[in-house]
1. Can you say whether A:Thr56 is within 26 Å of B:Leu57 (Cβ to Cβ), surrounded by fewer than 16 Cβ atoms within 10 Å (Cβ to Cβ) and either of a type in the set (A, V, I, L, M) or more than 14 Å from every other protein chain (Cβ to nearest Cβ) (or both), as far as the supplied structure shows?
2. Need at least 3 residues that are more than 8 Å from every other protein chain (Cβ to nearest Cβ) and more than 22 Å from B:Leu18 (Cα to Cα) per element, so show me which strands (runs of 3 or more DSSP E) inside segment B:53-148 make the cut, counting only ones lying wholly within it.
3. Quick one: how many residues across segment B:130-146 are under 18 Å from the mean Cα position of the chain (by Cα) and either touching a residue at least 60 places away in the same chain (Cβ under 8 Å) or closer than 25 Å to B:Ala46 by Cβ (or both)?
4. For segment B:133-148, give me the residue count where each residue is surrounded by fewer than 16 Cβ atoms within 10 Å (Cβ to Cβ) and farther than 20 Å from B:Gln37 by Cβ.
5. If A:Asp12 passes every condition in (1) in a loop (DSSP other than H, G, I, E, B); (2) within 12 Å of chain B (Cβ to nearest Cβ); (3) farther than 21 Å from B:Pro58 by Cβ but one, which one does it miss?
6. For segment B:27-42, which residues satisfy the criterion of being within 14 Å of chain A (Cβ to nearest Cβ), buried (at least 17 other Cβ atoms within 10 Å of the Cβ) and not in a loop (DSSP other than H, G, I, E, B)?
7. Can you tell me which residue is farthest from B:Gly30 (Cα to Cα) among those in segment B:89-102 that are surrounded by fewer than 22 Cβ atoms within 10 Å (Cβ to Cβ) and within 17 Å of the chain's Cα centre (by Cα)?
8. Look through B:Ala72, B:Ala24 and report the one residue that is surrounded by fewer than 16 Cβ atoms within 10 Å (Cβ to Cβ), small (Gly, Ala, Ser) and within 16 Å of B:Arg6 (Cβ to Cβ).
Amino acid sequence: MAKLVFLGRLEDLAGGPEREVAPGPLEAVLATLPVELAVALLGDRVRIARNGELITERGGIVLAEGDEIAFLPPVSGG
Amino acid sequence: MAADVRLLADPFDPAAKLAAFTAAHPAAGGVVSFLGQVRSGEGVEALELRHYPPLTLPGMTALGQAVLARWALDGLLILHRHGQMTPGDPIVLVAAAARHRRDAFAAADFAMDHLKSDSWFWKRERRGGEWRWIEPRDQDHADLARWG
């Protein structure tokens with residue numbers, strides 16, 4: 001399995017801080033989620049980290065077994 | 001000289017931390033510190049800062065290195081809480097020790113602006129028993145833009 005991690009308000013939309021998903025193309029994974037959540041995860045201002053590294057090109061991501069994909073909305077820090 | 005950068009899960013005593021930092025840098029002619037605390041009033045019962053471990057502390061450490069590269073400092077302290085806090089609790093302590101005060105003021109100011117708007121924290125507040133996520137403030141981004 002792979003893991004999706006939701007930070008900030010995305011956690012509320014997702015109903016929890018993380019979710020186990022089957023590996024595969026990210027688009028296919030997102031298609032299994034509630035539409036409102038999938039749309040929020042794809043928002044322009046949401047950054048994505050794969051296994052702790054920020055990625056700049058979100059097209060063509062394929063989740064491998066054990067991958068962790070984090071969705072990071074705009075920060076509202078300290 | 002490395003910055004002392006820590007992400008703390010538990011409450012800390014800012015006066016004790018600052019005293020220890022100051023004592024460790026006797027050659028510094030000046031120490032500038034900033035303490036951020038949970039404000040009381042406005043109905044806020046609690047504040048929670050969430051972080052993402054793979055990014056948050058590494059980002060703070062990189063910030064510390066950037067500050068040291070930019071100003072001539074004898075020492076730099078960055079302490080930041082995560083987790084749940086209540087009004088009056090310290091959130092963040094930044095202290096910069098330098099031979100000359102202007103470097104210390106600027107370094108602490110720069111570090112705070114970047115902690116507020118360019119570090120991996122997400123904040124929510126509890127009012128009337130309900131948690132609400134706080135959106136970024138435009139002012140924070142304007143503060144950040146000052147540094148170019």
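1. Values: within 26 Å of B:Leu57 (Cβ to Cβ): yes; surrounded by fewer than 16 Cβ atoms within 10 Å (Cβ to Cβ): yes; either of a type in the set (A, V, I, L, M) or more than 14 Å from every other protein chain (Cβ to nearest Cβ) (or both): yes.
Yes, satisfied.
2. Hits in segment B:53-148: B:121-127, B:130-133.
3. 5
4. Residues flagged as surrounded by fewer than 16 Cβ atoms within 10 Å (Cβ to Cβ) and farther than 20 Å from B:Gln37 by Cβ within segment B:133-148 amount to 9.
5. So A:Asp12 meets the others, but not (1).
6. B:Gly36 - this is the single residue of segment B:27-42 that is within 14 Å of chain A (Cβ to nearest Cβ), buried (at least 17 other Cβ atoms within 10 Å of the Cβ) and not in a loop (DSSP other than H, G, I, E, B).
7. Just the residues of segment B:89-102 that are surrounded by fewer than 22 Cβ atoms within 10 Å (Cβ to Cβ), to begin with: B:89-90, B:99-102.
In the following step, the residues that additionally are within 17 Å of the chain's Cα centre (by Cα) were identified as B:89-90.
Working: B:Asp89: 26, B:Pro90: 23 Å.
Among those residues, the one meeting the criterion is B:Asp89.
8. Of the residues listed, the single one that is surrounded by fewer than 16 Cβ atoms within 10 Å (Cβ to Cβ), small (Gly, Ala, Ser) and within 16 Å of B:Arg6 (Cβ to Cβ) is B:Ala24.
No lab work stands behind these numbers, since they all come straight from the coordinates. All values derive from a computational prediction rather than experimental measurement. Virtual Cβ from ideal backbone geometry, glycine too; neighbours counted across all protein chains shown.
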